[in-house]
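The values are calculated or read from the model by the stated rules, or taken from the named source; none is laboratory data. None of these values were measured; they are calculated from a predicted model. FYI the Cβ positions are ideal-geometry reconstructions off the backbone, even for glycines, and counts take in every protein chain you see.
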Amino acid sequence: MIMSLNKILFITSFVPVAVFKIIARVGDANLAKAKVATVVGLVLAIIQFALAKKYIKHTSYLERAFLGYLATGAAWVHLMPDNVTYVFVDNSIAILYFVLFLTTFIPQLLGYDPFTYTFARQWYPETVWNTPQFKVVNLHITYVFSGIFFMAFLSSWIGHGKPLFSIFIPFALIIGIGLPFSRKYPIYYVKKKYPSEPIYLSGFPQTARELIARMPSSFNADAASDLIADIQFRISGEEEFNMVISIANGKCIAREGEVNSPALTIIAPADVWTKMARSEINKARALMDGLYKVEGDINLLIKMGQIFQTSAKASR
């Protein structure tokens, strides 16, 4: 229910600015229309902001940016002298795109989460939110949108706010470049960063239980260094069992059962785990798609590829 509400409020966050643009820019732009557009847009933005705070307990950069833009615009056209208000009236859409450019470009420079982080959290499981890879992917997507909004600003500014330059070209940039990039780039990044290595299946374990039980045979003590940790596996589906991999003093053992306070817990269907081991499913992609879940130290999960050398060489 919360996930659905997040998506609904994400969509409605665009409504205040969409209504503002329709009122302000349909036909000839003038001060009277700008005054009405900013007030109506501001009221809708306040409602959107209040709903987000009440029902999902947080607001996105977009909601804050739109609220700030419309509040500034309303003050500009209602309080400033007439010989100054024309700047906003004639360039309101260009100013909006410049605000969006700053919204996507500045936060991460100041140490805050990138612009797309709030939206990406709605599509990917919580277990990947704090991984370095998730943050890198979001940074790259955010900077692409920074470039798109800056081009939209230039288009609207140079085109003097005409619909072709302030609405259609920016829309084409977002639909044609921004959205496809944000959908395809995570898949590309994961496949490039974590390519699936070939596995020689002759003699390869056929069950998840056997795969996990054999993990100590591929243990790399040098990679583990002075690591002391218990890794809890909870396997379901065709096979249902709990198993623990314990690492300490440069040694690794596997045993059936459970342990209190494991450093990492991996919860996976048996078929998913065996397919990942055989490189039939990309491991990082499977985590992002929610095919399996993890709890605890995500950095230990990332390091498992070094600690347990399940590469083609180890398989041979």
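Quick notes on this one:
- Here V17, V87 are screened, and the one residue that is of a type in the set (A, V, I, L, M), outside any loop (DSSP other than H, G, I, E, B), within 20 Å of W157 (Cβ to Cβ) and touching a residue at least 60 places away in the same chain (Cβ under 8 Å) is V17.
- Residue match in segment 47-57 (condition: in contact with a Ser or Thr (Cβ under 9 Å, 6 or more places away or on another chain), within 25 Å of F165 (Cα to Cα) and aromatic (F, W, Y)): no
- One residue stands out in segment 266-305 among those that are assigned to a loop (DSSP other than H, G, I, E, B) and touching a strand residue (DSSP E or B) at 6+ places or on another chain (Cβ under 6 Å): the one that is nearest to Y194 (Cα to Cα), namely Y292.
- Answer residue from segment 96-145, given it is in a helix (DSSP H, G or I), more than 10 Å from the chain's Cα centre (by Cα) and at pLDDT below 85 and is surrounded by the most Cβ atoms within 10 Å (Cβ to Cβ) among those: T127
- Every residue from segment 146-181 that is of a type in the set (S, T, Y) and either modelled with pLDDT under 90 or surrounded by fewer than 17 Cβ atoms within 10 Å (Cβ to Cβ) (or both): S166
- Pairing residues of segment 143-167 that are within 14 Å of L102 (Cβ to Cβ) and of a type in the set (A, V, I, L, M, F, W, C) with residues that are at pLDDT 85 or above and in a loop (DSSP other than H, G, I, E, B), at Cβ distances under 8 Å and at least 6 apart in sequence or on separate chains, gives F145/F115; F145/T116.
- S246 surrounded by 15 or more Cβ atoms within 10 Å (Cβ to Cβ) and either β-branched (V, I, T) or in a strand (DSSP E or B) (or both): yes
- Scan of segment 249-265 for residues that are part of a loop (DSSP other than H, G, I, E, B) and of a type in the set (V, I, T), ordered by number: V259
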